[in-house]
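> Next up is a structure, given as structure tokens.
The values are calculated or read from the model by the stated rules, or taken from the named source; none is laboratory data. Bear in mind the structure is a predicted one, so any value in this text is a computation, not a measurement. Counting neighbours? That spans all protein chains shown, and the Cβs are built from the backbone with ideal geometry, glycine included.
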Amino acid sequence: AMSEPSPRIQEVIEQAQKLEALAESISLDRQQIVDYDRRRNTNREALGHLQRKSLAKADKVWMSMENMFFRLPKPEVVSLIEQEQAGLSDEIETLRARLHKNAAELHRMEGNPLSSAWDLKPVSQ
């Protein structure tokens with residue numbers, strides 16, 4: 001029968017598991033930020049198209065949601081897209097804050113303290 005690992009070995013294993021979990025969280029958050037940013041760019045393009053001359057006088061426009069198409073009043077479509085933009089921006093900000101916190105924790109656990117530049121907040125636009 002195998003004996004229990006020593007407390008020191010168990011501590012090293014637990015530390016490695018924590019590092020792995022943090023690295024995985026950082027990777028997932030980065031990918032989610034990229035995905036949300038792509039969605040924001042698509043929405044920005046859609047809003048631009050809705051303001052072009054060809055659609056400027058349209059009362060209703062076609063919109064795709066959940067793999068279905070709807071013909072909706074243009075102001076309602078613009079409002080829906082703007083609401084989604086705000087939600088995406090908030091979510092990206094939350095993810096970035098968590099990403100920075102987790103990256104700082106990962107570096108701390110690895111014995112590489114980050115410079116204080118990592119704690120800087122972006123200037124609001």
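> Please go through the stretch 8-56 and pick out each residue that is exposed (fewer than 14 other Cβ atoms within 10 Å of the Cβ), of a type in the set (Ser, Thr, Tyr) and under 21 Å from the mean Cα position of the chain (by Cα).
27, 42 - these are the residues of the stretch 8-56 that are exposed (fewer than 14 other Cβ atoms within 10 Å of the Cβ), of a type in the set (Ser, Thr, Tyr) and under 21 Å from the mean Cα position of the chain (by Cα).
> Any idea which residue in the stretch 66-115 is surrounded by the fewest Cβ atoms within 10 Å (Cβ to Cβ), counting only those that are touching a residue at least 12 places away in the same chain (Cβ under 8 Å) and in a strand (DSSP E or B)? Break it down stepwise before answering.
Our first condition is that a residue be touching a residue at least 12 places away in the same chain (Cβ under 8 Å); within the stretch 66-115, this holds for 72-74, 77-78, 80-82, 84-85, 88-89, 91-92, 95-96, 98-100, 102-106, 109-110.
Still in the list and also in a strand (DSSP E or B): 72-73.
On the way: 72: 16, 73: 12.
My answer is 73.
> For the stretch 1-42: of the residues being in contact (Cβ under 8 Å) with a residue 60 or more places away in the chain and small (Gly, Ala, Ser), which is farthest from residue 95 (Cα to Cα)?
If we filter the stretch 1-42 for residues that are in contact (Cβ under 8 Å) with a residue 60 or more places away in the chain, which is where we start, we get 15, 18-19, 22-23, 25-26, 29-30, 32-33.
Pick out the ones that are also small (Gly, Ala, Ser) and you get 23, 25.
Working: 23: 14, 25: 10 Å.
Applying the filter and picking the extreme gives 23.
> Looking at (1) at pLDDT 90 or above; (2) exposed (fewer than 13 other Cβ atoms within 10 Å of the Cβ), can you tell me which one residue 123 breaks?
Here residue 123 clears every test but (1).
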